[in-house]
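The structure appears right after this line, and notes come after that.
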Amino acid sequence: MRIHRHRYQKPKLNVPVFRANERIASPEVRVIDEKGEMLGVMPTEKAVALAQERAMDLIEVNPKAEPPVCKLADFGQFKYQKEKEARKQKAQSAEVEIKGIRLSLRIGVGDMETRHQQAKKFFERGDKVKVELPLRGREKAFRDGAREVIEKFIALLKADYPLRIEQPVAYQNGRMTAILARE
């Protein structure tokens, strides 16, 4: 059997693609110089010539504007700044995970308290909690009891935190599940 060493790939940074110099398709562009001053609307060829004259690149900053907005800047440095901003934005955004907690139909008080503490720890980290109660064999006939156990667990958590129920208690594929998040 083959071992997959590169199965997990890091997500790429969400950096928009900028067109520069001859790649700009529009016949006319609105030009901003390196100091941020408006130079006005001019034909693309003239703007590219102006950029080369100043040893800069003409970079399309806003292609959706009418006419597109272009800036005179060093393309490599501009691209680096945009990647740096994207990296900083990614670092600031916390990824929310869904953590699972498994209960059983005949769960004891001590085990219920242990699961309660685990759920509290997950909420403290900012994660969501998926409460699931698998039903095996004859237990499938006692869905009402399973629903009561999950609702009792949710009531325990509501005593600690204001909760938002993202997915109400539902039976699917032999298990009762609910997804909870902290408000």
Query - Footprinting exposure proxy for LEU156, LEU133 (fewest neighbouring C-beta atoms within 10 Å first) - result: LEU156, LEU133
Report task. Return the label of the correct value of Cα extents along the principal axes in Å, as calculated from the structure shown, out of (1) 43, 34, 31; (2) 45, 42, 38; (3) 80, 48, 25. Result -> (3)
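Among VAL15, VAL48, what is the fewest-to-most ranking by other Cβ atoms within 10 Å? Display every interim value, and only then the final one.
Values: VAL15 13, VAL48 18.
By the 10 Å Cβ count, ascending: VAL15, VAL48.
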Requested in this report: Determine which aspartates and glutamates satisfy two conditions relative to LYS82: a Cα distance under 15 Å, and not lying fewer than 8 residues away in the same chain.
Outcome: GLU60, ASP74
Query raised in the report: Where does helix 75-92 land angle-wise versus the long Cα axis of the chain, in degrees 0 to 90, nearest 10?
Result: 20 degrees
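With charges set only on the Cβ (+1 for Lys and Arg, -1 for Asp and Glu), what does the dipole of the chain come to about its Cα centre, in debye to the nearest 20? Don't skip to the answer; put the middle values down first.
Numbers: 38 positive and 27 negative charges, 264 e Å.
With only Lys, Arg, Asp and Glu charged at Cβ, the dipole is about 1260 debye.
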Report task. Could you run the Karplus curve 6.51 cos²θ - 1.76 cosθ + 1.60 with θ = phi - 60° over segment 30-38 and give me ³J(HN,Hα) per residue in whole Hz, x for Gly and Pro? Result -> 9, 10, 10, 7, 5, 8, x, 8, 6
**Report entry** Where labels lie 7 Å past Cα in the beta-carbon direction, separation of GLU95 and GLU132 in nm
**Finding:** 2.0 nm
Query raised in the report: Counting each DSSP H run of 4 or more residues in the chain as -39500 (n - 2.57), what helix-only mean residue ellipticity at 222 nm follows after dividing by all residues, to the nearest 500 deg cm²/dmol?
Result: -10500 deg cm²/dmol
Query raised in the report: Can you give me the relative contact order of the chain as a percent, contacts being Cα pairs under 8 Å and 6 or more apart?
Result: 15 percent
Query raised in the report: Once label points are set 7 Å from the Cα along Cα→Cβ at both TYR161 and GLU148, what is their separation, rounded to one decimal in nm?
Result: 2.7 nm
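Which percentage, to the nearest 5, of the DSSP beta bridges contained in the chain is antiparallel?
Values: 24 of 32 bridges.
Roughly 75 percent of the beta bridges in the chain run antiparallel, per DSSP.
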Report task. Please give every one of the lysines within straight-line cross-link reach of LYS79, meaning a C-alpha to C-alpha distance under 29 Å, and leave out same-chain neighbours fewer than 8 residues apart. Result -> LYS10, LYS12, LYS35, LYS46, LYS64, LYS71, LYS88, LYS90
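Since every read-out is calculated from the coordinates, none of them should be taken as a lab result. Since this is a predicted model, take the numbers as computed values, not measurements. A quick note on method: Cβ atoms are made from the backbone with ideal geometry, for glycine too, and the neighbour counts reach across all protein chains shown.
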